[in-house]
1. Hey, any hits in the stretch 76-90 for a residue that's more than 14 Å from the chain's Cα centre (by Cα) and part of a loop (DSSP other than H, G, I, E, B)?
2. Does any residue of the stretch 58-75 turn out to be at positive phi, touching a helix residue (DSSP H, G or I) at 6+ places or on another chain (Cβ under 8 Å) and modelled with pLDDT of 90 or more?
3. Considering only residues that are in contact with a Leu (Cβ under 7 Å, 6 or more places away or on another chain) and more than 18 Å from Val107 (Cβ to Cβ), look in the stretch 127-162 and name the one that is modelled with the highest pLDDT.
4. Filter the stretch 99-152 down to residues that are in contact (Cβ under 8 Å) with a residue 60 or more places away in the chain and small (Gly, Ala, Ser) and give me whichever is farthest from Thr69 (Cα to Cα).
5. Of the residues that sit in the stretch 65-75 and are of a type in the set (A, V, I, L, M, F, W, C) and part of a helix (DSSP H, G or I), which one is nearest to Val111 (Cα to Cα)?
6. Could you check the stretch 35-74 and list, in sequence order, the residues that are in contact (Cβ under 8 Å) with a residue 60 or more places away in the chain and among the aliphatic types (A, V, I, L, M)?
7. Inspect the stretch 22-36 for any residue being buried (at least 21 other Cβ atoms within 10 Å of the Cβ) and part of a helix (DSSP H, G or I) and give the result as yes or no.
8. So Arg126 fits all but one of (1) within 27 Å of Ala31 (Cβ to Cβ); (2) assigned to a helix (DSSP H, G or I); what number is the exception?
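The values are calculated or read from the model by the stated rules, or taken from the named source; none is laboratory data. Quantities reported herein were computed from a predicted structural model and do not represent experimental measurements. Cβ coordinates were reconstructed from backbone atoms using ideal geometry, including for glycine residues, and neighbour counts include every protein chain displayed.
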Amino acid sequence: MMARIQPFVLPVATFVLALALSIVPLGDRVAPFRPDWVPLVLIYWAVARPGHIGLLAAFAMGLALDMLTGSLLGRHALALLPIVYLSLRLHLRIRVALVWQVTVTVVLMLVLYRFLLFWIDGVGQRGIPGPITWAPLLSSALLWPMVMIALGRFGRDDMKAA
């Protein structure tokens, strides 16, 4: 019984941490650069353990993020689904790539994530934010190698930096 529960303990703990980091109050100057913690963690676990983490986890994390941030319900859930789907489809290629190649791939996935959030805001006739909405891409790109190395120590050995 414990063998079935154990593979999910670390991913769930990191999901909770990612949600907590997504709502931690930051200063006015730093807040626009808040990294996309939930997509980063979901991408990592979808690549590291594709049999355990899937689209249901992405949808649940998106709904949780929507509820915690007070955004339109389903907004993040809809934007996270293609990101995790791409991670699951490309996980074998991502595992053997160099760190800079994985970082470029993750940044492109985050661009898609941000574009989907932008599109959902436009369709929902909500106020469309300015160019600062793309600021988290910079901080997420810089943090990805650290997230990959930190979680690689606990998760999957072949995801470590090459």
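1. Start the filter on the stretch 76-90 by keeping residues that are more than 14 Å from the chain's Cα centre (by Cα), which leaves 89-90.
Checking which are part of a loop (DSSP other than H, G, I, E, B) leaves us with 90.
Yes, because at least one residue in the stretch 76-90 is more than 14 Å from the chain's Cα centre (by Cα) and part of a loop (DSSP other than H, G, I, E, B).
2. Filtering the stretch 58-75 for residues at positive phi gives 70, 74.
Still in the list and also touching a helix residue (DSSP H, G or I) at 6+ places or on another chain (Cβ under 8 Å): 74.
In the following step, the residues that additionally are modelled with pLDDT of 90 or more were identified as 74.
Within the stretch 58-75, one or more residues are at positive phi, touching a helix residue (DSSP H, G or I) at 6+ places or on another chain (Cβ under 8 Å) and modelled with pLDDT of 90 or more.
3. Applying the filter and picking the extreme gives Phe154.
4. Gly152
5. Going residue by residue through the stretch 65-75, those that are of a type in the set (A, V, I, L, M, F, W, C) are 65, 67-68, 72-73.
Applying the additional criterion that residues be part of a helix (DSSP H, G or I) yields 65, 67-68.
Working: Leu65: 18, Met67: 23, Leu68: 22 Å.
Ranking the candidates gives Leu65 first.
6. To start, the set of residues in the stretch 35-74 that are in contact (Cβ under 8 Å) with a residue 60 or more places away in the chain comprises 35-36, 39-41, 43-45, 47-49.
Leu40, Val41, Ile43, Val47, Ala48 - these are the residues of the stretch 35-74 that are in contact (Cβ under 8 Å) with a residue 60 or more places away in the chain and among the aliphatic types (A, V, I, L, M).
7. At the first step, the residues of the stretch 22-36 found to be buried (at least 21 other Cβ atoms within 10 Å of the Cβ) are 35-36.
Those still in the list that are part of a helix (DSSP H, G or I) too: none.
No, the stretch 22-36 contains no residue that is buried (at least 21 other Cβ atoms within 10 Å of the Cβ) and part of a helix (DSSP H, G or I).
8. Of (1) within 27 Å of Ala31 (Cβ to Cβ); (2) assigned to a helix (DSSP H, G or I), only one is false for Arg126: (2).
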